[in-house]
Structure formats: C-alpha cells, structure tokens
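In what follows, a structure is listed as structure tokens, so that the remarks can point back to it.
The values are calculated or read from the model by the stated rules, or taken from the named source; none is laboratory data. From a predicted model like this one, the values you see are computed outputs, not experimental measurements. We place every Cβ from the backbone using ideal geometry, glycine too, and count neighbours over all the protein chains shown. Heads up: the accessible areas ignore ligands, DNA and RNA and are worked out on the full protein's heavy atoms, side chains in. Shrake-Rupley method; radii C 1.70, N 1.55, O 1.52, S 1.80 Å.
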Amino acid sequence: MRRCFSTATNYFEIHLKNELAGIKAAGTFKNERVIQGKQGVLVKVAGSEKPVINFCANNYLGLSSHPEVIAAGQKALETHGAGLSSVRFICGTQDIHKELEQKIAKFHGTEDTILYAACFDANGGIFEVMTGEQDSIISDELNHASIIDGIRLSKAKRLRYKHLDLDDLEAKLKEAQESRFRLIVTDGVFSMDGDVAPLGDISQLADKYNALLFIDECHATGFFGKTGRGTAEAVGGTPHVINSTLGKALGGSMGGYTTGPKPLIDLLRQRSRPYLFSNSLAPSIVGSSIKVFDLLMNDSSFIGSLQTNVSHFRKSMAANGFTILGNDPTHPICPVLLGDAKLAATMADELLKQGIYVIGFSFPVVPKGKARIRVQISAAHSKEHIDQLIDAFAKVGKKLNVV
C-alpha cells in the first residue's frame, strides 16, 4: 500500500509540474507581487526601491484606506469582536449585519438584502434557488466565471447569447418561451473589456418576453452612474435582482450580497448553500462597509473626480496611438490592447520599472490573441499620477515597438 501510494504521488507531481511548465511556456504564468503596507494610490512593492503608483486595483473610489473607513472597522472590532465562529442562522447574526443589509437595500432602492462571504458565493448560491428544471437561464457568453459556475449548479435549461448581442438574446428568449420562468443573466460591466451591458434594451426584451433580469454589479456599484447606483442609473434599465461586492469600490475588504424582492431574499436565507454553510462576515468588515455606504449616500463627489481622470487618460492614450477597449468612455476599466501574451507581461514589467504598477492579462482570462494591460483608474489618483501613467506608456510603448 505504501509503495502504491508513493508511485501515485510521484505520477501526480509529474503531471502538476508538466501543467505548470506548459503555463510558463505560453507566457501566462501569474507571479504574485507582494505589497508591503496598505492598499492605496501609492504602494510599496517588494523588490522595488521606491513606492509605485497603483493602477490595477478595484479601488475605484480610493476608499480601501480611507481614514473614516478604517476607524469604523476598528470600532466594530472593539464593540463586536473579531468574528462570530458561526453561520448566520445559528449564532452568527449581529445587529450590524442587519444594519448593513438594510443600508444596501436603501442604496439600491430594493426591498431586502442578504450578505455573503464574497460575491463569488452570492453568484454560486442564487441560480439553483431561483430556477429549476422547468425554467431557462439565458446568459451572456462573457459573464464572469462565478456566474458560469453558479448557473452550472442549477437544473434549469442553459442558453448562452452572443456578447452584448440583442438579436441573439431575443432569439434565445423566443426559444425559451415554453419555460415556466426565463431568467436573463448579465454582468452590468464586463471586467476584462470594460464593456457596459445595454441594460435599457435588455430590460425592454425582458418585459416583452415576460422574463426576469439578473445583473452582477461588481464593477459598477458605488461609482458608475450619477450617484454611483450602478449600470441601471448610468444607462437605464430595471433589473429584478442585483448581486454585487463589498470587495471593490466599497472599501475593498470582503463580502458580497444579493439585493432584490424580499420573498427571494427570504428564500435564499433558507436554501442558498454558500450562505447556510459559510461563516458570517467579520464585524470589522461590516463596520467598514456601513461607513462606506454612509459616505456614498451623503456625498457623491468622488464620482466626478473619477470621471475627470478617466476622460483624461482615454483621450491621451488614443492620441498616442494605443487601442483602449470598452464601449463606454466614462468607465474606469481601461484595457490597453496588445494582442501577444508575452508582450503584455513584458510591458507590465517595464512599466513597473517606470513606477507604474499594472498587470498583463492573457489566456485563459481573456481570449487568445487579445492579451492586454488592464488599467484601472481611481478617484484618488491625481492629474499628476495620470500624466505619469500616460508618459510611461508612451516611453515603454516606443521601446517595445507597440506605438
């Protein structure tokens, strides 16, 4: 038995090493850079002599290290402890969890909210509760991996429509007319391309074919739209159910949520497996998140600063000959298309030498031949930071014959 186990282990390790070698040969191996200190506009990266400007965080409003957000987390840690050591339905629900859920519902204009450890869990726990064998889920082909995984857990019929293609969506809705319920599923903003879903048009199709509309707002909540209410506020439309995250613009810690009709939220509390079998969010995270929503509902000036920065970057990069992806020029996800995976990785390394922290993305995160550097702009960046970013791209782009 011992010898067989050893042989099996050896073969398995050889397999793993071959897989890793293949990833490295393709130029898609991901090395984790280590930040020494707080998340922010300026960060100290291990191996770099000086702080670098961070342009790859989801910290769209600069709230991850906001002093009031930190103070609120510290206060909750003192008053409500380090953790609950329990799931919500046993002894893991505190008054602040309910307060946060109510604030989120108020922010979105919905009836109720349920918290999760992450939006990946929220997406993993909703579709098998909302749908069954008699239903159809109609999903954009480029939806986030967590949506795809969550849909796989449902017994509903699964249909995919071409990315942002309203004609194909309508064809799939017609195909699903015999189903009990039809659920359209889309990201509000697609994180790799910066594309914004035509939510107003999708809502019209949902109404026409008596379908429900689910939207993932992880890259929209807090900063997209006039007051940061997300894609519907920015481009129109009326989703029935919203999933989003506390881990990006809303303080950047942890946690996700579903917000929508109270009967759905009540049913999720009874049947959603990631909710039922995961520990409650830590009090410090809940306290920080409550403060973030207080800040956003009292002052939306963060958003104006963000849009000014985005406009300046996009216009200047286009003038310098770069291709910036995305169908909405106001969104802070600004992917710089390069094509080749190794070029994207090399360019990111060269930019780090210029004091710019960005990351190259390639297959399987994005399609082959469409590698890019995803630049993410924050309201906390100054004009000088944006100018330094533009100048660095121009310098490195010429060196690598990109422009």
(request) Would you be able to say whether some residue in segment 179-189 is open to solvent by less than 20 Å² (accessible area, probe 1.4 Å), within 25 Å of the chain's Cα centre (by Cα) and without any contact (Cβ under 8 Å) to a residue 40 or more places away in the chain? (result) no
(request) Test each condition in (1) touching a residue at least 60 places away in the same chain (Cβ under 8 Å); (2) touching a Pro at 6+ places or on another chain (Cβ under 8 Å); (3) among the small types (G, A, S) for A232 and report the one that comes out false. (result) (1)
(request) Show the residue pairs that are 6+ apart or on different chains and have beta-carbon atoms under 6 Å apart, the first residue being within segment 50-78 and within 22 Å of A282 (Cβ to Cβ) and assigned to a loop (DSSP other than H, G, I, E, B), the second being basic (K, R) and open to solvent by 40 Å² or more (accessible area, probe 1.4 Å). (result) N58/K248; S65/K38
(message) What pairs come out if I take residues in segment 343-362 that are within 15 Å of R33 (Cα to Cα) and pair them with residues that are open to solvent by 30 Å² or more (accessible area, probe 1.4 Å) and in a helix (DSSP H, G or I) whose C-beta lies under 6 Å away, six or more apart or interchain?
(response) G360/A345
(request) Please indicate, with yes or no, whether at least one residue in segment 189-210 is of a type outside the set (S, T, N, Q), within 18 Å of G124 (Cα to Cα) and touching a strand residue (DSSP E or B) at 6+ places or on another chain (Cβ under 7 Å). (result) no
(message) Can you find, within segment 22-49, the residue that is least open to solvent (accessible area, probe 1.4 Å) among those that are free of Cβ contacts under 8 Å to residues at least 60 places away in the same chain and on the phi > 0 side of the Ramachandran plot?
(response) G37
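In segment 58-71, is there at least one residue being more than 30 Å from H385 (Cβ to Cβ) and either at pLDDT 95 or above or under 25 Å from the mean Cα position of the chain (by Cα) (or both)?
no
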(request) Assess whether E19 counts as being touching a Lys or Arg at 6+ places or on another chain (Cβ under 8 Å), open to solvent by 80 Å² or more (accessible area, probe 1.4 Å) and of a type outside the set (A, V, I, L, M, F, W, C). (result) no
(message) One residue is enough: does segment 63-77 have a residue meeting the conditions on the phi > 0 side of the Ramachandran plot and surrounded by 13 or more Cβ atoms within 10 Å (Cβ to Cβ)?
(response) no
(message) Can you go through D349, D340, D387, D299 and tell me which one is out of contact with any Phe, Trp or Tyr (no Cβ under 9 Å at 6 or more places or on another chain) and within 30 Å of A76 (Cα to Cα)?
(response) D299
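Residues are listed down the side, and each one gets a yes or a no for (1) under 14 Å from T323 (Cβ atoms); (2) in contact with a Pro (Cβ under 7 Å, 6 or more places away or on another chain):
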| site | (1), (2) |
| --- | --- |
| P364 | no, no |
| K368 | no, no |
| R374 | yes, yes |
| I377 | no, yes |
| I386 | no, no |
| V396 | no, no |
| K399 | no, no |
(request) Tell me, please, whether a residue that is open to solvent by 30 Å² or more (accessible area, probe 1.4 Å) and hydroxyl-bearing (S, T, Y) can be found in segment 281-300. (result) yes
(request) With the condition kept exactly as written, say whether any residue in segment 346-361 is assigned by the TED database to the domain that holds Q102, closer than 27 Å to L246 by Cβ and touching a helix residue (DSSP H, G or I) at 6+ places or on another chain (Cβ under 6 Å). (result) no
(message) If I filter segment 84-96 down to residues being open to solvent by less than 40 Å² (accessible area, probe 1.4 Å) and out of contact with any helix residue (DSSP H, G or I) (no Cβ under 6 Å at 6 or more places or on another chain), which single residue comes out as nearest to G260 (Cα to Cα)?
(response) R88
(request) Please indicate, with yes or no, whether at least one residue in segment 183-198 is outside the structural domain of F363 (by the TED database) and at positive phi. (result) yes
(request) All but one of (1) in contact (Cβ under 8 Å) with a residue 40 or more places away in the chain; (2) open to solvent by 20 Å² or more (accessible area, probe 1.4 Å) hold for Q102, so report the exception by its number. (result) (1)
(message) Among the listed residues G81, G124, identify the single one that is assigned by the TED database to the domain that holds D266, of a type in the set (G, A, S) and open to solvent by less than 20 Å² (accessible area, probe 1.4 Å).
(response) G124
